[in-house]
Structure formats: C-alpha cells, structure tokens
Amino acid sequence: MQKLSSISQEIIHKIIELDQKFLNYFWNDNQWIDFLTNNSKDAYLLYNAEGQEVYSFALFLGNYADNSLHLLKVVTHPLKRGEGMASQLIKAAQESDVFKRPMGQGLKIFLEVSTMNFTAIKVYEELGFERTRYIKKFYSDGSDALEMLYQGE
C-alpha cells in the first residue's frame, strides 16, 4: 500500500483515465486536482498493472484518529473484470499495517456502494464487510448507497 504522494505522475494519469472511462460516478479533472492537492498526504493507493497498463486500482483516504480507511474508489478495466483484481486489492488493504495500532485494535475500512451494484455488494460481504447504513440520494444522479464497514481484528 503506497502513499499517493509517492506514486509517479504517469501512474496517476493512468488511474484518472481508468476512473473516467469505466466508473459510473467518476471524478472530473477538477475533482481529481482538488483531491490530489488537498489529500495526497493522507491518501493511499493500491493498483494492478501489467507492463505499462494499469488495470485496477483502489483509492483510500486514511484517518489516523480512528485507525480507519475510507475506500473512495475501486475500479477494474472491463476486460479484466471477474479475475478477482479488486478483491485482491481490498484484501491487501485489510492485511496492511498502514497504521501503527495498539494490540487488539483492528483496522477499519468503510465504503459507500450503490444499492444497485449487486456484484460489488456481494464481493464486499464475502470480504467481511457488513452493511451499516442506507443513504438516500447519495450519488450525483440521486441514486442511493449502502455504507459498509470492515472491522479488522
């Protein structure tokens, strides 16, 4: 798991391109610039690449106060979906030691997912996430989301 601030500009451009091409609720250029400007020191990135191509990534924002990661985005290129890339990235985050925690205090990861994204909800539940809250009109198109939480050991 790498701090976003340590990722090369070439990889960041590939991440943005993947986001804007294949994610329903993508960030426009201004949203990416704002995020990179204001959050890069607390943001973490995991990604799968083959050669010069990035095929999947997961972007997290860290909260040191409560030892949590907010999974902001997870995207996989359509040609690579079904290969478990996104699951691998999330498992890597679950196993990371991104925060130095007291013994017995596990890492928390939370996320929001569209209530219509049944495949993602199933994957998250298989990875140990639990549904914690229903959020009405969460997305820009007015659709609803589920908040889900993984509580590590």
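The values are calculated or read from the model by the stated rules, or taken from the named source; none is laboratory data. On a predicted model such as this, the values are computed, not experimentally measured, just so you know. Glycine gets a Cβ as well: all are built from the backbone with ideal geometry, and neighbour counts include every protein chain shown.
Restricting attention to segment 96-116, does a residue exist that is more than 22 Å from residue 18 (Cα to Cα), touching a residue at least 60 places away in the same chain (Cβ under 8 Å) and surrounded by 12 or more Cβ atoms within 10 Å (Cβ to Cβ)?
Yes.
Can you tell me which of (1) among the charged types (D, E, K, R); (2) more than 26 Å from residue 20 (Cα to Cα); (3) surrounded by fewer than 16 Cβ atoms within 10 Å (Cβ to Cβ) is the one residue 137 doesn't meet?
That leaves (2) as the condition not met.
Among the residues of segment 1-22, is there at least one that is in contact (Cβ under 8 Å) with a residue 24 or more places away in the chain, touching an Asp or Glu at 6+ places or on another chain (Cβ under 8 Å), over 16 Å from residue 123 (Cβ atoms) and of a type outside the set (A, V, I, L, M, F, W, C)?
Yes, there is a match, as at least one residue in segment 1-22 is in contact (Cβ under 8 Å) with a residue 24 or more places away in the chain, touching an Asp or Glu at 6+ places or on another chain (Cβ under 8 Å), over 16 Å from residue 123 (Cβ atoms) and of a type outside the set (A, V, I, L, M, F, W, C).
What are the residues in segment 104-115 that are part of a loop (DSSP other than H, G, I, E, B) and at pLDDT below 95, if any? Reasoning before the result, please.
Start the filter on segment 104-115 by keeping residues that are part of a loop (DSSP other than H, G, I, E, B), which leaves 104-107, 115.
The answer is 104, 105, 106, 107.
Which of the residues belonging to segment 58-95 are of a type in the set (Phe, Trp, Tyr) and free of Cβ contacts under 8 Å to residues at least 40 places away in the same chain? Give the derivation first.
Quick first cut of segment 58-95, residues of a type in the set (Phe, Trp, Tyr) only: 60, 64.
The one that is of a type in the set (Phe, Trp, Tyr) and free of Cβ contacts under 8 Å to residues at least 40 places away in the same chain: 64.
Being at pLDDT 85 or above, within 14 Å of the chain's Cα centre (by Cα) and of a type in the set (Lys, Arg) narrows it down to one residue among 3, 91; which is it? Talk me through it step by step, then tell me what you get.
Details: 3 fails: at pLDDT 85 or above.
Criteria check complete, one pass: 91.
Is it the case that segment 67-80 has a residue that's modelled with pLDDT under 90, in contact with a Phe, Trp or Tyr (Cβ under 9 Å, 6 or more places away or on another chain) and more than 19 Å from residue 23 (Cβ to Cβ)? Reasoning before the result, please.
Residues of segment 67-80 that are modelled with pLDDT under 90, as a first pass: 67-68.
Imposing the further condition that a residue be in contact with a Phe, Trp or Tyr (Cβ under 9 Å, 6 or more places away or on another chain) reduces the set to 67-68.
Cutting the leftovers down to more than 19 Å from residue 23 (Cβ to Cβ) gives us 67-68.
Yes; the residues of segment 67-80 include at least one that is modelled with pLDDT under 90, in contact with a Phe, Trp or Tyr (Cβ under 9 Å, 6 or more places away or on another chain) and more than 19 Å from residue 23 (Cβ to Cβ).
Within segment 121-153, which residues are among the hydrophobic types (A, V, I, L, M, F, W, C) and in contact (Cβ under 8 Å) with a residue 40 or more places away in the chain? Please lay out each step first, then the result.
Going through segment 121-153, the residues among the hydrophobic types (A, V, I, L, M, F, W, C) turn out to be 121, 123, 127, 129, 135, 138, 145-146, 148-149.
Result: 127, 149.
Within segment 37-54, work out how many residues are farther than 23 Å from residue 150 by Cβ and either of a type outside the set (Asp, Glu) or crowded, with 17+ Cβ neighbours inside 10 Å (or both). Steps first, answer last, please.
Initial filter on segment 37-54 (farther than 23 Å from residue 150 by Cβ): 37-38, 40-41, 49-54.
Those left that are additionally either of a type outside the set (Asp, Glu) or crowded, with 17+ Cβ neighbours inside 10 Å (or both): 37-38, 40-41, 49, 51-52, 54.
Summing the residues that are farther than 23 Å from residue 150 by Cβ and either of a type outside the set (Asp, Glu) or crowded, with 17+ Cβ neighbours inside 10 Å (or both) in segment 37-54 gives 8.
Go through segment 28-57 and give me each residue that's free of Cβ contacts under 8 Å to residues at least 12 places away in the same chain and either touching an Asp or Glu at 6+ places or on another chain (Cβ under 7 Å) or within 18 Å of residue 83 (Cβ to Cβ) (or both).
Correct list: 50, 51.
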